[in-house]
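What follows is a set of notes on a single structure, which appears directly below.
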Amino acid sequence: MTATAPDMRLLIIEDDRESADYLVKAFREVGHIADLAGDGEEGLSLAQSGDYDVLVVDRMLPKRDGLSLIGVLREKGNRTPVLILSALGQVDDRIKGLRAGGDDYLPKPYAFAELLARVEVLSRRHGGPAEETTYRVGDLELDRLSHRVARGKDELTLQPREFRLLEYLMKHAGQVVTRTMLLENVWDYHFDPQTNVIDVHISRLRSKIDKGFERPLLHTIRGAGYMIRDGIR
Amino acid sequence: MTAFGKLVRTTAFRLTLVYLFLFALFAASLLGYFAWNTRRMITEQISTTVNAETGELSEIFGRRGLRGLVGNIENRALRPGANLYLLTTPNGQAVAGNVGSLAPGVMGTIGWSETAYRRLDDQDNTDHRALVLVTQLSSGFRLLIGRDLEERRRLFGIVAKAAQWSILVVVVLGIGGGIFVARRVLRRIDAMTGTTQRIMAGDLSGRLPVGRSGDELDRLAGNLNAMLERIEALMTGLKEVSDNIAHDLKTPLTRLRNRAEEALAKSATEGEYRAALERTIEESDGLIRTFNALLMIARAESGQARGNMDDFDAAEVANGIHELYEPLAEDGGMSLRVKTAPVPVHGNRELISQALANLVENAIKYGKPVPPAQPQGAVISLDAKQILIEARRDGNQVLLSVTDHGPGIPETDRRHAVERFVRLEASRTQPGSGLGLSLASAVATLHGGELRLGDANPGLTATLAIPALKGVSDRLAAQTQDVPQKVA
């Protein structure tokens, strides 16, 4: 599907055998390495001994619950990015999870494409370079300090929100970002709009950065979200 | 437990016993104090007169010698109801007086003493008691003057009897009253217990008997009845909701299952399978959305989201939602505008944002102007296509409203429109869960406000009315006058 990021080592800590097996298989299919722990204690010892890029932690686990596991890891100085999976999907549960030291929170039931996109973004954040002041994708250039956007020799005029949308997409260039990720990170809303409100924003942005250029940069990834990337895959 | 045992165990009865004990103690100490004081007064009186008489007689003895004294004593002793007198020689022989016998040794001690005595002229052989003063005269004679104590004893007897009777009466009346009160209370409590047991057994329509006296038991019964009323309403609501949920989740679930079955039976090519699976995923996503919305409503209604509230400016929420939905509205041939003044509120920003987003989505979906009946020359004005988001303050309330100029909702349907899963006839053709207004309404209720649906002539004005943040109202009132309204 989108094995765009370099191979990752993942640890999945989930007690429901069926969904755990499904996750391991799905991650392996897109080229990542996934280990599995069935309870909180096993998960904690594996997370401490292994060198993982991202931990995917179910919130409710036998022996030790997910939040306490993350708490112990953070206390011991382990900064591996953690994505919390939980059947509790309400805003305050999310806040609780992030406060406990989680880096992202995905309520169940989720689409695998959504989980994969989020895990890849987390992993990049973990090992990636420091925040750059200028993002470049092909001939598209975004200067985060002067808020200047140019494609080739053409200066582009973007609304403030369009700028932030493009900034987020370019920060994760080459990676899939989902509609919910955009709504959360660009607009800071955590609800689920019933309409295709994000798509409209994307198509406006697209008409500004891609219209009239031969090589489109902003791609729609079917069933997942969007990606900014030089060249057609 | 026997009826009596139950009675004795009542609070009223126990309280009566405590009061009874305290009252008896009080009565006894009052009477005791009275008796003791009287006795002291009588004794004092006796000693004063006896002292005076002793002085008188000593003087007579000094002036007129033994003979004069004896004569005087004999004189005095003969008076009726008189005091006790006795004069003895140095070797103890009686010389004059009216004392027949004394307790032994009385004459031997100089000073005050209490003694049993008998008069010379006594007919009955009963002993009396007296308070006597023995003085030593010169040349060894001793003089005894005393007063009978009968009066004091009688007074004491009267007091003791009064004490006995009053305590008896207090105890009898107290226990009787206690039983009466306890039985009255017990009867009413028993009636209430009976009703509550029936209610617990499942008859939620039962109500506690409320008397007319307006006492504490009546107030308690009244409050419990109000509580039962609320519980019954909640239970009815819950049942309605679960019926609705069952219906509205079962329908798409059935559709989902049918599609999967059909695909399994009829699909031949990979493409057909793929299409069926994609439809299945779409359908389950819709189900998940519905389910999330239901959970959110339940959460807002149960007040759980109250823990996550802070102070913020509702105008920012209005501007944010405007910014998010403006392109969508434009795509739908509408124009979305916003008009705000600073309106601080205390609440859950996320929920208020979502509620407002729902109202805006509704306006975009259903707020398209109705084409006029005569098509010729009919141009729908730009204004009619405008949706306005407004954040303003009205007295103690903050109003977040969304106004469109579509067909609106007939007044008779407005109440109905807020209910869960209700999709008015006009909206059935559009996608949606029928939960948008329910959520907005639940969010308003959570914040102590309400969702109002009004007429925009033509069109609909949906307003989230929530209480303004207290404490900043004056500062804000001053502020809103200075700051020009922001119109985007």
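Here, each number is a calculation from the coordinates, and none is a lab measurement. The shown structure was predicted, so the numbers you read here are calculated from the model rather than taken from an experiment. We place every Cβ from the backbone using ideal geometry, glycine too, and count neighbours over all the protein chains shown.
Against the conditions (1) crowded, with 22+ Cβ neighbours inside 10 Å; (2) away from chain B (no Cβ under 11 Å); (3) touching a helix residue (DSSP H, G or I) at 6+ places or on another chain (Cβ under 6 Å), residue A:198 satisfies every one except (2). Among the residues of the stretch B:197-225, those identified as part of a helix (DSSP H, G or I) and more than 20 Å from the chain's Cα centre (by Cα) are B:197, B:198, B:199, B:200. Given the condition of a type outside the set (Val, Ile, Thr), over 23 Å from residue A:197 (Cβ atoms), away from chain A (no Cβ under 12 Å) and assigned to a helix (DSSP H, G or I), answer yes or no: does some residue in the stretch B:329-341 qualify? Checking the stretch B:329-341: not a single residue is of a type outside the set (Val, Ile, Thr), over 23 Å from residue A:197 (Cβ atoms), away from chain A (no Cβ under 12 Å) and assigned to a helix (DSSP H, G or I). Being basic (Lys, Arg) and under 19 Å from residue A:181 (Cα atoms) holds for only one residue in A:74, A:118, and it is A:118.
If you filter the stretch A:201-216 down to residues that are away from chain B (no Cβ under 14 Å) and of a type in the set (Lys, Arg), you find that the one that is nearest to residue B:327 (Cα to Cα) is A:211.
Would you be able to say whether some residue in the stretch B:271-279 is more than 10 Å from chain A (Cβ to nearest Cβ) and among the acidic types (Asp, Glu)? Yes, some residue in the stretch B:271-279 is more than 10 Å from chain A (Cβ to nearest Cβ) and among the acidic types (Asp, Glu). Considering the stretch B:310-328, and only residues there that are within 17 Å of residue A:202 (Cα to Cα) and charged (D, E, K, R), the residue that is farthest from the other protein chains (Cβ to nearest Cβ) turns out to be B:326. Screening B:180, B:141, B:156 for residues that are closer than 28 Å to residue B:13 by Cβ and either of a type in the set (Phe, Trp, Tyr) or in contact with a helix residue (DSSP H, G or I) (Cβ under 7 Å, 6 or more places away or on another chain) (or both) leaves exactly one candidate, B:180. Report, ordered by the first and then the second residue, all pairs with beta carbons closer than 6 Å, sequence separation of six or more or different chains, a first member in the stretch B:184-198 that is closer than 12 Å to residue B:217 by Cβ, and a second member that is crowded, with 16+ Cβ neighbours inside 10 Å. Pairs that qualify, where the first residue is closer than 12 Å to residue B:217 by Cβ and the partner is crowded, with 16+ Cβ neighbours inside 10 Å, are B:185/B:12; B:186/B:10; B:188/B:217; B:192/B:208. State all residues of the stretch B:3-56 that are of a type in the set (Val, Ile, Thr) and farther than 30 Å from residue B:143 by Cβ; if no residue qualifies, say none. Selection gives B:8, B:10, B:11, B:16, B:18. Is there a residue in the stretch A:119-130 that is of a type in the set (Ser, Thr, Tyr) and either surrounded by fewer than 16 Cβ atoms within 10 Å (Cβ to Cβ) or away from chain B (no Cβ under 14 Å) (or both)? So far as the stretch A:119-130 goes, yes, one or more of its residues are of a type in the set (Ser, Thr, Tyr) and either surrounded by fewer than 16 Cβ atoms within 10 Å (Cβ to Cβ) or away from chain B (no Cβ under 14 Å) (or both). Tell me the residue from A:226, A:168 that is more than 22 Å from residue B:354 (Cα to Cα), away from chain B (no Cβ under 14 Å) and assigned to a strand (DSSP E or B), please. So the residue among A:226, A:168 that is more than 22 Å from residue B:354 (Cα to Cα), away from chain B (no Cβ under 14 Å) and assigned to a strand (DSSP E or B) is A:226. For the stretch A:171-195, the set of residues classified as more than 14 Å from chain B (Cβ to nearest Cβ) and assigned to a helix (DSSP H, G or I) consists of A:171, A:181, listed by residue number. Any residue in the stretch B:124-134 that is surrounded by 13 or more Cβ atoms within 10 Å (Cβ to Cβ) and at positive phi? No - not one qualifying residue is present in the stretch B:124-134.
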